[in-house]
Amino acid sequence: MITIDVLNKLLLEQEIKQLIIPARDVANVLLGNSLEHALLVLTHSGYSAIPVLDLQDRIHGLITSNMIFNSMLGVKGPEYEKLEGRKVEDVMNRKVPRLKETESFFRALELSINNPFICMENEQGRFSGILTRRSILALLYRHFRNG
Ligand code: AMP
């Protein structure tokens, strides 16, 4: 049976790099993209939240369909015209859970309690991908099953 000590050792030594979904496979939008474009990307990708980047691949926030729908709401309901001229940076959430690739699995586990995914940064501060709560739970499950 796996003991807490063994589990801690395994987790603390676990390189999180191998769990990352690489940036090239992650749906994202740019700060200056229109909200219409962001809505299309969110709808086509099927994800409820995606990262917001700049042209240098730095992470600035997260955007969800809900943020866009909220910005469309008028007194009588949704008004599509309200999207015109508005950009991703006007409605996104700037609080974004992020980690360096070199940080411990344990820190990723802690962040995943409140976040379905975590944005990863490389040594140069560029977006390198995401770590999902799903991949963290799957790794834990494998450790317990094989332990
Ligand atoms: P999952 O654990 O696969 O359900 O993913 C959790 C969350 O991570 C999703 O709801 C998305 O917000 C985000 N996510 C996962 N995979 C991607 C991807 N390929 N592109 C953009 N966002 C993603």
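Where a number appears in this text, it was derived from the coordinates with a stated rule and is not lab data. Note that the coordinates shown come from a computational prediction; the quantities given were computed from them, not determined experimentally. Note: ideal-geometry Cβ built from the backbone for every residue, glycine included; neighbour counts use all protein chains shown.
Quick notes
- Model label points for Glu81 and Lys17, set 7 angstrom from Cα along the Cα-to-Cβ axis, are 5.4 nm apart.
- Potential extension, Asp90-Ser48 segment - 0.36 nm per residue separation minus Cα distance: 13.3 nm
- Restricting attention to the chain, close to 75% of DSSP beta bridges with both partner residues there are antiparallel.
- When the chain is described by a simple charge dipole with +1 on each Lys and Arg Cβ and -1 on each Asp and Glu Cβ, the residue from Leu62, Phe144, Val88 located farthest towards its positive end is Phe144.
- Folded to 0 to 90 degrees: helix 35-45 orientation relative to the chain principal axis, Cα: 40 degrees
- Note on the chain: Lys pairs 8 or more places apart or on different chains, Cα atoms under 27 Å apart, count 7.
- Springs between Cα atoms under 10 Å define the GNM used for the chain, and in it the highest mean-square fluctuation of Asp90, Asp54, Asp25 occurs at Asp25.
- Here, P(r) means the percent of Cα pairs in each 5 Å bin from 0 to the largest distance; for segment 58-147 it is 3, 12, 18, 16, 14, 11, 10, 8, 5, 2, 1, 0.
- Theoretical ellipticity at 222 nm over the chain - DSSP helices of four or more residues, -39500 (n - 2.57) apiece, nearest 500: -10500 deg cm²/dmol
- Simple rule: put +1 on each Lys or Arg Cβ and -1 on each Asp or Glu Cβ in the chain, find the dipole, and look at Val52, Gln18, Ser71; the Cα lying farthest toward the positive end is Gln18.
- With Cα atoms defining each centre, segment 71-87 and segment 96-147 are spaced 35 Å apart in the structure.
- This model, with +1 at the C-beta of Lys and Arg and -1 at the C-beta of Asp and Glu, gives the chain a dipole about its Cα centre of some 340 debye.
- Using a Förster distance of 35 Å, the FRET efficiency for Arg134-His37 (Cβ separation, nearest 0.05): 0.85
- For the chain, modelled as a GNM whose springs connect Cα atoms under 10 angstrom apart, the maximal fluctuation among Leu55, Leu111, Leu42 occurs at Leu55.
- Relative contact order computed over the chain (Cα-Cα under 8 Å; 6+ residues apart), in percent: 28 percent
- Put a dot 7 Å past the Cα of Arg58, heading toward its Cβ, do the same for Ser71, and the two dots end up 2.1 nm apart.
- For segment 99-106, backbone phi angles converted through the Karplus equation (6.51, -1.76, 1.60; θ = phi - 60°) give residue-by-residue couplings of 9, 7, 4, 8, 6, 6, 4, 4 Hz, Gly and Pro being listed as x.
- Additional length obtainable on full extension of the chain from Phe144 to Ile113, 0.36 nm per residue less Cα span: 9.3 nm
- Comparing Val29, Val41, Val52 in a Gaussian network model of the chain where C-alpha atoms under 10 Å apart are linked, the largest mean-square fluctuation is found at Val41.
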